[in-house]
Structure formats: structure tokens, C-alpha cells
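The values are calculated or read from the model by the stated rules, or taken from the named source; none is laboratory data. A quick note: this is a predicted structure, and the numbers were derived from the prediction, not measured. Here the Cβ is made from the backbone with ideal geometry for all residues, glycine too, and neighbour counts use every protein chain on show.
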Amino acid sequence: MDTCEVTCSWGTPTPPIAICDSAEAARDHATATSQREANAARPQGGDGVEGCSSHSELPSQAVTLSGGKAPWIELQSRERVTHIAIVGNARVLEVHTKGGDVQTHEGVSVEGGVHSLGRYIHSVDCRVAPGERALLKFFARRPKDVIQVVALCVSTVKELPESAPTAAGDGSRGENGLPASCSTPELAIEERLRQLEATVQVLTFTMVRRLNEVEMRLGALEQRASG
């Protein structure tokens, strides 16, 4: 299996995927890919995102739907998946993981709702274990005949090997998930800082999403006023 295996309800072609080393890099790569699509008439080089490796240079996928069922993409990674960023024409994304857990996410309209291509970005924090499958289902407020996936980016981290029993410890883990023999105040502080950083990232993205919604509403009011 590749680093991250992708299958989808429409068979082939599967959408291109980028593997990133952080949630921020995944969001930046998805945004940059959408921007490249919007500026397709004026392609520019050197617009890759540091921290990401694209497994495909295919253009965005546009696949005709049939059967009336929600289209889906399934991911299975050899590493832990911590974040998923997708740009496409689906307004709502559901992320199904092991145990029946479901996250529902409403996308933010690209460029504050004035993007003529009708694209939405979904940026979802998740905890998908190595080898576990994550099912992504796409929905829209209005029925669509075509599903378009412009960017599919995931942030992954490698699992640390379990500590072998030694004279200094038996390999057990403390409350912070680290080996009990290494449970020092410094490591506990480092773990709390990582958790705080993740919380700040989520709050920042939420703020940006709300600002985009305000901009979208202002744009609608301006259109009504000019009409």
C-alpha cells in the first residue's frame, strides 16, 4: 500500500492527493491548488507549498454522478492522519471513522463566496489511526450531477515505536501518552504546548471562516443594492 491509499465511489480516476506534515501545510496546499484552478488562464510556476508532497499532478476531477447516492472517497494511510483539507463543489462533508464516529463539516466558500466556480474548502481535524479507513461523503444543498474535487490534502504523522522494556522502565506509558520512564515535567509541558497550538489553529480557522461568511453577506447586499 502507498503512504495513503485512495478509493472512491466513481471508480477511476481517483482524485489527486497531497501528503503534508502539518494541518497548516494541508490547508495552504488546498488553497493554493484552488487558486491555480481559478488562475488557469495565467499559469504560474513555483507555487508549491513547503511541507507537502503531491502524489499526482492531475487536474481537478469532474465526474458525472448517477444513482442518486452521495459520492464518497475512502482513505487508508500507513501513518496517523491528523487533518484533512478538501476543495470541491460539495457544500457539506461527512467524515466517517472507526466506531461509527461521524464529523459533519460545512465548507467555507472559496474567496468569500465570490468564486465563480462555486468551490468550498473543508478543513477538518481528525484522529485516524494507521491502517484505519476514513470515509468522506459529499453532500450539497442542491442536487448536483457532477462531483468536482479540486484538492485533497491530508496531514500525517509517523507513529513512534513502542519502548522496549529496560532496567529503567517496563515500557508502560503515563497519562500524557509518553513512556512512563520519560514522564518529566519538561515533556508534560511540551505536550500541553502542542495541545494549545492545535486549539489555536482551530480557533484561527474558525475566525477566518466567520470573516469569509461576513464578506459573503456583504457581497450579496452590494449586489442587491446595485441591482
Subject >> Single residue of segment 67-90 satisfying the filter (surrounded by fewer than 18 Cβ atoms within 10 Å (Cβ to Cβ) and part of a loop (DSSP other than H, G, I, E, B)) that is modelled with the lowest pLDDT >> reply: 67
Original post:
If you check every pair at least six apart or on different chains, which have Cβ atoms under 7 Å apart with a residue in segment 78-99 that is outside the structural domain of residue 155 (by TED's automatic domain parsing) first and a residue that is assigned to a strand (DSSP E or B) and not hydroxyl-bearing (Ser, Thr, Tyr) second?
Top reply: none
